[in-house]
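The values are calculated or read from the model by the stated rules, or taken from the named source; none is laboratory data. For clarity, every value in this text was computed on a predicted model and none was experimentally measured. Methodologically, a virtual Cβ is constructed for each residue, glycine included, from the backbone with ideal geometry; neighbour enumeration extends over all protein chains shown. Surface accessibility is based on the protein's heavy atoms, side chains included, excluding ligands, DNA and RNA. Shrake-Rupley method; radii C 1.70, N 1.55, O 1.52, S 1.80 Å.
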Amino acid sequence: MPSAPGPKFSLSELRIRDGRATEAEPEGGEIYLAVGGIVFDVTVQGRQFYGVGAPYHLFAGRAASRSLTLGSLEENDLELGDDIEDFTEEQIRNLRDQVDFYTEK
């Protein structure tokens, strides 16, 4: 799945955008996640879902294609991030649906 034009982040740059408070941002920092090779800023509309203590915070600051597509909260799937090499055609379609979901927000 090709990535869309836009800002590019290394995994370490993405990882620090997990919504945690910093000295510079005591109310909580930016919250980004990547799906299908596209980085989404969910800071404003998603803090209640992806912010610290929120139900989906484990996806914040991560490449989450595999986990979101599989509906998996397993650490192994989280660590594999955007590794979808073993996905079936149906799972690829589900991944596209995930990308569409975040794109429409």
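Give, as residue ranges, the helices (runs of 4 or more DSSP H) completely inside the range 54-105 that count at least 2 residues that are over 23 Å from ARG20 (Cα atoms).
Where helices (runs of 4 or more DSSP H) fall fully within the range 54-105 and carry at least 2 residues being over 23 Å from ARG20 (Cα atoms), they are 65-70, 89-104.
Does THR43 satisfy being of a type in the set (S, T, N, Q), open to solvent by 30 Å² or more (accessible area, probe 1.4 Å) and either touching a strand residue (DSSP E or B) at 6+ places or on another chain (Cβ under 7 Å) or at negative phi (or both)? Steps first, answer last, please.
Values: of a type in the set (S, T, N, Q): yes; open to solvent by 30 Å² or more (accessible area, probe 1.4 Å): no; either touching a strand residue (DSSP E or B) at 6+ places or on another chain (Cβ under 7 Å) or at negative phi (or both): yes.
So THR43 fails the test.
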Discussion item. Can you pull out every residue in the range 62-82 that is under 17 Å from LEU14 (Cα atoms), out of contact with any Lys or Arg (no Cβ under 6 Å at 6 or more places or on another chain) and open to solvent by 30 Å² or more (accessible area, probe 1.4 Å)?
Written reply: ARG62, GLU79, ASP82
Worksheet item: Within the range 16-30, can one find any residue that is open to solvent by 20 Å² or more (accessible area, probe 1.4 Å), not hydrophobic (A, V, I, L, M, F, W, C) and not in a loop (DSSP other than H, G, I, E, B)?
Response: no
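Given the criterion within 22 Å of PRO7 (Cα to Cα) and without any contact (Cβ under 8 Å) to a residue 12 or more places away in the chain, identify the matching residue among VAL35, VAL99, VAL44, VAL39. It would help to see each step written out before you state the result.
Working: VAL35 fails: without any contact (Cβ under 8 Å) to a residue 12 or more places away in the chain; VAL99 fails: without any contact (Cβ under 8 Å) to a residue 12 or more places away in the chain; VAL39 fails: without any contact (Cβ under 8 Å) to a residue 12 or more places away in the chain.
VAL44 is the lone residue from the list that is within 22 Å of PRO7 (Cα to Cα) and without any contact (Cβ under 8 Å) to a residue 12 or more places away in the chain.
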